[in-house]
1. Hey, could you check segment 390-423 for residues that are farther than 20 Å from T378 by Cβ and free of Cβ contacts under 8 Å to residues at least 60 places away in the same chain and say which is surrounded by the fewest Cβ atoms within 10 Å (Cβ to Cβ)?
2. Among what's in segment 51-80 and is among the hydroxyl-bearing types (S, T, Y) and over 17 Å from F359 (Cβ atoms), pick the residue that is farthest from the chain's Cα centre (by Cα).
3. Which condition number in (1) within 27 Å of A371 (Cα to Cα); (2) of a type outside the set (S, T, Y); (3) touching a Pro at 6+ places or on another chain (Cβ under 6 Å) is the one that M125 fails?
4. Can you confirm whether K251 is in contact with a helix residue (DSSP H, G or I) (Cβ under 7 Å, 6 or more places away or on another chain), within 30 Å of A368 (Cα to Cα) and in a loop (DSSP other than H, G, I, E, B)?
5. Output the number of residues of segment 279-292 satisfying the condition of being without any contact (Cβ under 8 Å) to a residue 40 or more places away in the chain and touching a strand residue (DSSP E or B) at 6+ places or on another chain (Cβ under 8 Å).
6. Could you please find all residues in segment 307-358 being free of Cβ contacts under 8 Å to residues at least 40 places away in the same chain and farther than 18 Å from R14 by Cβ?
7. Give the residue, chosen from D170, D177, that is under 20 Å from R353 (Cβ atoms), buried (at least 22 other Cβ atoms within 10 Å of the Cβ) and not aromatic (F, W, Y).
Amino acid sequence: MATKRKQELTVEERLERAKLPGKRAPEWHAFYRGKVETALKCAVTSVDDFGIWYTPGVAAPCKEIQADPSKAFDYTNKANTVAVVSDGSRVLGLGNIGPLAGLPVMEGKALLFKYLGGVGAFPIMLGTQDTEEIIQAVKWIAPGFGGINLEDFANPKCFEILDRLRAELDIPVWHDDQQGTASITLAGVINALKVVGKDMAKATYCVIGSGAANIAFVRVLTSAGVPAGNILLVDSQGILHPGREDLEADKANNPYKWKYALETNAERRRGGMADAIVGADVLIAASKPGPDTIKKEWLRTMNPRAVAFIMANPIPEIWPWDATDAGVEIVGTGRSDFPNQVNNSIGFPGIFRGTLDVFAKTITDEMAIAAAYAIAETAEAKGLRDDYIVPTMMETEVFINEAVAVGLKAIEQGIARRILTEAELRREAETKIRHAQEETRVLMKSGVIAPAPKAAK
């Protein structure tokens, strides 16, 4: 049985607490002047070592890589390095703020890659928003990385960029706003429906927002066994259906929305956001930041024992306590300061860990689904509740479990260059993730990383 979390704070206290991260962020960012930097991973004991790590000794591994490119995985950090690439055209609820203003977000992404997944990552901000130039730029930098994480690209160009780069590069290319969000959302749906006692394949779904995240979620959800007809997808003009002439007219530019206009919504319902929510078991919203994008009275029209993931950042479409007051049984957001964080930060560090450990050539939807079930099973093993349906970012085992599941799926699908057993995959993931976290603790303890400024009263 699910247990209700005690309502300990007033609405005013909750609002003040929700504002704290935004209040503290400028001071903390200025104090550290960013969040990531490069660090050494080899020993330097004397001046003689420089002759090995650099000239003249470095020429020897260079020649071997020239003769056999696969040796780059042995002699360099390529196998554990990801480029976090963005043009800043659609940054987590802030819109098209450009590459420079988007840099703090990409540094934060690199921080999560390292601390949670043991993956070396670095932000690459592109000074162009042209699709062809972006694709060419990523292809130019690809030799130096083991994987590419595309981040905060506007819809619909994000789809073409991902599809083209996946086809044209021999390293995994991943758009976290698509596949990453889809993985963690699927994991949340799996466990939330277990708590409320509903069958995932029979439940009805209202998906608010038809950008990159939700289009990918619908694709992954249907791949996981949910009939497309059970899903209503909504954009700014209303419910998607075959009668939407605007979608048909734009299908060359955005074929994905037209595809789902034809395949979802078996009842061929029409109307706006409020109409789509009526009778839904599950509401998935990744749309306009709130808190008034979704109304309490709309949520009251959902089926009993409803689930709502309101994932806009930095402010969800409706405050979670208002959703609870409207009768929703399980509420998730994209924020770490509320229960049930349905955010891709739970997914991509572990997914990339497993992908890189087997030198996979790509990341498939099946790998993302395997990660979703690993996330769900990690939480279920600890006991599901209405305020705990997915693990938190501080539960290291979830990233290890994902890495194992993803690596095994890549091997099964024949896209891994390196074949490891389940035990070897677990050992690799544990070693690299624990190392990254211990490294941070040692630097903090020694004072190399200074304590963050104390919060102002």
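1. Within segment 390-423, the subset farther than 20 Å from T378 by Cβ is 411-421.
Narrowing further to those that are free of Cβ contacts under 8 Å to residues at least 60 places away in the same chain: 411-416, 421.
On the way: I411: 19, E412: 12, Q413: 15, G414: 7, I415: 19, A416: 20, T421: 11.
My answer is G414.
2. The extreme case among them is T55.
3. (1)
4. Details: in contact with a helix residue (DSSP H, G or I) (Cβ under 7 Å, 6 or more places away or on another chain): yes; within 30 Å of A368 (Cα to Cα): yes; in a loop (DSSP other than H, G, I, E, B): yes.
When the stated conditions are applied, K251 passes them.
5. 1
6. G327
7. D177
Let's see how each residue does on (1) of a type outside the set (D, E); (2) farther than 24 Å from L356 by Cβ; (3) at pLDDT below 95:
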position	(1), (2), (3)
V82	yes, no, no
V85	yes, no, no
L92	yes, yes, yes
P104	yes, yes, no
Y115	yes, no, no
A121	yes, no, no
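The values are calculated or read from the model by the stated rules, or taken from the named source; none is laboratory data. Quick caveat: nothing in here was measured; it's all calculated off a predicted structure. Every residue, glycine among them, receives a Cβ derived from its backbone with ideal geometry; neighbour counts consider all protein chains shown.
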